[in-house]
């Protein structure tokens, strides 16, 4: 199925698809690619408590995109339901809509890698002024300073990281309208399974109601 243009879609609609896709991808990994003794589980972010706002002369708050990002799921691959060995993260628009949000995402990704946890990042949003060559370069610049430039006609990023010594990155640029290639999810520094991105994307899309699908198609034109 061709990738939709999620950059023109309200944050709430992408959040719904994000959650559906995470679940479908998790199910697909558990149904086949993962070896016995490994399990993919959904991890949920805690959104916290929202009290009544204080009465002050001036007030501000984060965007809806950042609120949805705080609630977004990720997939953690565990060894025998214990140690986390790999993380699959689908980027939300709120991960890149401020310097703080991008920095937090980069630091979280680096923390996983430095702890020996492998990482697969799926970013279906084009580069912003804060990550002009995409999310991979923003992360990899903190590990190794080397040239990297996204193709102009493929500005979306799929990036798989092996957290071994040395760390390795495998990057596949894609574009709106293209199918999603399967990408490696590393289980150890030299062993991976292919995460079925295309099949799980389609499965998530098929669960969305007709009016949702129509709104996405209309937004992307």
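Bear in mind these aren't lab numbers, they're just calculated from the coordinates by the rules spelled out. None of the values given here were measured: they were computed from a predicted structure. Here the Cβ positions follow ideal geometry from the backbone for every residue, glycine too, while neighbour counts run over all protein chains shown.
Each of 36, 96, 137 was scored by other Cβ atoms within 10 Å of its Cβ. Arranged with the fewest first, they read 36, 137, 96.
In this rough spin-label picture, where each label sits 7 Å from Cα along the Cβ direction, the residue 144-residue 129 distance is 3.2 nm.
The helix-based estimate of mean residue ellipticity at 222 nm for the chain, built from -39,500 (n - 2.57) per DSSP H run of four or more residues and divided by its residue count, is -10000 deg cm²/dmol to the nearest 500.
Here's the picture: a label point sits 7 Å out from the Cα of residue 41 along the beta-carbon direction, and within the stretch 84-128 the residues with their amide nitrogen under 15 Å of it are 84-88. Put in line by how crowded their Cβ is, counting other Cβ atoms within 10 Å and starting with the fewest, 92, 39 read 39, 92.
When the chain is treated as a GNM with alpha-carbon contacts under 10 Å, the residue of 127, 166, 33 showing the greatest mean-square fluctuation is 166. Counting neighbouring Cβ atoms within 10 Å and putting the fewest first, the residues 135, 117 line up as 117, 135. Under the criterion of Cα pairs below 8 Å and six or more residues apart, the relative contact order for the chain equals 25 percent. The candidate values are (1) 1.08; (2) 0.97; (3) 0.94; the one derived from this structure for Rg/Rh (Cα atoms, Kirkwood Rh) carries the label (2).
Determine the relative contact order of the stretch 135-176: mean sequence separation of Cα pairs under 8 Å and six or more apart, normalised by residue count, in whole percent.
38
With Cα atoms defining each centre, the stretch 160-175 and the stretch 72-145 are spaced 11 Å apart in the structure.
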